[in-house]
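These notes are about the structure you will find just below.
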Amino acid sequence: MIQLLRTDATNPDFQSLVSALDKDLAARDGADHAYYNQFNKIDMIKHALVAYIEETPAACGAIKQLEEGVMEVKRMYTLPTMGGKGLASQVLNELEIWAKEMGYKKCRLETGKRQPEAIALYKKCGYQVIENYGQYAGVENSLCFEKAI
């Protein structure tokens, strides 16, 4: 059974999953990791989600305000041993619902071109590729997406 818990960045299960995500991204991004990592601090995240399977933390994601009416999806991750269960789609859907409940109209996000499974997820969930925004403008390895919610 999958359980989704709305929480914040102080949740130890969220922190543990983010730590695993950061290790994965460091391996994928190589020399680019330090640049991306500066934008992925969790201390300002007030809206985090942890997905549990049989009480085991298995996946996470978060949202934070990017600008008026727009939430940014951050820190999406599923443990490799928990893949193939649709967790990422469920986490993303719940984050969108949460953002909509708070009155936001759009979700945006950035992912790296070295993360093909993330790109496939976002396209499958209705996100459209947009011009790179903010700190990702002009960054060749970044791919940005947006979805109206």
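The values are calculated or read from the model by the stated rules, or taken from the named source; none is laboratory data. None of the values given here were measured: they were computed from a predicted structure. Here Cβ is always computed from backbone atoms with ideal geometry, including for glycine, and neighbour counts include all displayed protein chains. The protein model used for the area step is the full one, side chains on, heavy atoms only, and it has no ligands, DNA or RNA in it. Shrake-Rupley method; radii C 1.70, N 1.55, O 1.52, S 1.80 Å.
Being of a type outside the set (K, R) and touching a residue at least 24 places away in the same chain (Cβ under 8 Å) is true for just one of E101, E94. Which residue is that?
Working: E101 fails: touching a residue at least 24 places away in the same chain (Cβ under 8 Å).
One residue alone meets the criteria, E94.
Among the residues of segment 46-97, what is the count of those that are open to solvent by less than 10 Å² (accessible area, probe 1.4 Å), assigned to a strand (DSSP E or B) and of a type outside the set (V, I, T)?
Summing the residues that are open to solvent by less than 10 Å² (accessible area, probe 1.4 Å), assigned to a strand (DSSP E or B) and of a type outside the set (V, I, T) in segment 46-97 gives 10.
Quick one: which residue in A59, A88, A31, A26 is at pLDDT below 95 and touching a helix residue (DSSP H, G or I) at 6+ places or on another chain (Cβ under 6 Å)? Spell out how you get there, then give the answer.
Numbers: A59 fails: at pLDDT below 95; A88 fails: at pLDDT below 95; A31 fails: touching a helix residue (DSSP H, G or I) at 6+ places or on another chain (Cβ under 6 Å).
Going through A59, A88, A31, A26 in turn, just one is at pLDDT below 95 and touching a helix residue (DSSP H, G or I) at 6+ places or on another chain (Cβ under 6 Å): A26.
In segment 91-124, which residues are within 12 Å of the chain's Cα centre (by Cα), modelled with pLDDT of 95 or more and among the hydroxyl-bearing types (S, T, Y)?
Across segment 91-124, the qualifying residue is only Y122.
Here is a list of conditions, (1) open to solvent by 80 Å² or more (accessible area, probe 1.4 Å); (2) closer than 20 Å to A58 by Cα; (3) in contact (Cβ under 8 Å) with a residue 12 or more places away in the chain, and K113 meets all of them except one; can you say which number that is?
Answer for K113: the failing condition is (2).
So, in segment 15-30, exactly how many residues are of a type in the set (A, V, I, L, M, F, W, C) and either at positive phi or in contact (Cβ under 8 Å) with a residue 60 or more places away in the chain (or both)? Working first, answer last.
Narrowing segment 15-30 to residues of a type in the set (A, V, I, L, M, F, W, C): 17-18, 20-21, 25-27.
Filter once more, so that each one left must be either at positive phi or in contact (Cβ under 8 Å) with a residue 60 or more places away in the chain (or both): 17, 25.
Adding up the residues that qualify gives 2.
How many residues are under 23 Å from K100 (Cβ atoms), touching a strand residue (DSSP E or B) at 6+ places or on another chain (Cβ under 6 Å) and not in a loop (DSSP other than H, G, I, E, B) when one looks only at segment 130-149?
Adding up the residues that qualify gives 6.
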